[in-house]
Amino acid sequence: DSGVTQTPKHLITATGQRVTLRCSPRSGDLSVYWYQQSLDQGLQFLIQYYNGEERAKGNILERFSAQQFPDLHSELNLSSLELGDSALYFCASSGRGGTYNEQFFGPGTRLTVL
Amino acid sequence: AQKVTQAQTEISVVEKEDVTLDCVYETRDTTYYLFWYKQPPSGELVFLIRRNSFDEQNEISGRYSWNFQKSTSSFNFTITASQVVDSAVYFCALPHSGNTPLVFGKGTRLSVIA
């Protein structure tokens, strides 16, 4: 158990819908990262937050947004869903924002868009 | 830009055989870290090792060992006396330049047959 929790574990929805994925980092970790794992694109970084502030942005679509709350949990919002958004979404956390600490990953949320 | 290449897409070995997973990376940074993660069939990503570019000594942890060679930009992972429980997808990764989000290779799927 990495200490990072993600809910829900599975999500099935229809095209055009909006969903919210939730992540609670390990106790004490200030950085939260979101990654998407799909068959064709592999594991890709989406966005990072550090202590409530956006720190880095990767290949995140404009239809997607995220935030980190004062209690450090984070939410990833996916809207106007398309079939191609079906993927495994991981949240990871690490202890400090500016150094290369190991990132500990949650169990992931498997999103299926029908 | 950072790049990680895992040329072996799939490897199949018989239990108790040794197996080496290759990882070649590209970076313009003079100081960097390298990571290996394991993704078992259950789907979670498990941290295995973080390696600093300053330290080129081989690392051993039980049946796992890592060979880091800066001259060839490689960070290979060897499993000695493989077991069925080692069956998983293994990812090599390094951080984006100047930040901590990870760039992952495409992964190598290892199947260990009893």
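Computed from the coordinates by the stated procedures, all read-outs in this text should not be read as laboratory data. Note that this is a predicted model, so its numbers are computed, not measured. All Cβ positions, glycine included, derive from the backbone under ideal geometry; neighbour counts span all protein chains shown.
The table below gives the values:
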{"read-out": "Rounded to the nearest 20 debye, dipole of the protein assembly as shown from Cβ charges on Lys, Arg, Asp, Glu", "value": "220"}
{"read-out": "Local electrostatic count, residue A:68, Cβ distance below 12 Å [Lys/Arg +1, Asp/Glu -1]", "value": "-3"}
{"read-out": "Fluctuation leader among A:27, A:79, A:94 - chain A, Gaussian network, Cα springs under 10 angstrom", "value": "A:27"}
{"read-out": "Top of B:20, B:78, B:100 by mean-square fluctuation, Gaussian network on chain B, Cα under 10 Å", "value": "B:100"}
{"read-out": "Overall dimensions of chain B by Cα: Rg and Dmax, Å", "value": "13.7, 44"}
{"read-out": "Long-range Cα-Cα pairs in the protein assembly as shown (distance over 25 Å), rounded percent", "value": "41"}
{"read-out": "Sites residue A:17 and residue A:57, calculated FRET efficiency, Cβ-Cβ separation with R0 25 Å, nearest 0.05", "value": "0.55"}
{"read-out": "Fraction in percent of alpha-carbon pairs per bin - 5 Å, chain A", "value": "2, 13, 24, 26, 19, 10, 4, 1"}
{"read-out": "DSSP-defined antiparallel bridges as percent of all bridges, chain B, nearest 5", "value": "85"}
{"read-out": "Beta bridge orientation in the protein assembly as shown: antiparallel %, DSSP, nearest 5", "value": "90"}
{"read-out": "Volume per residue that the Cα convex hull of region B:33-82 spans, once the total is divided by residue count, Å³", "value": "87"}
{"read-out": "Using a Förster distance of 45 Å, the FRET efficiency for residue A:110-residue B:80 (Cβ separation, nearest 0.05)", "value": "0.85"}
{"read-out": "Max mean-square fluctuation residue, GNM over chain A, Cα-Cα springs under 10 Å, options A:71, A:85, A:29", "value": "A:71"}
{"read-out": "Inter-label distance, nm, simple model (7 Å from Cα along the C-beta direction), residue B:61/residue B:26", "value": "2.9"}
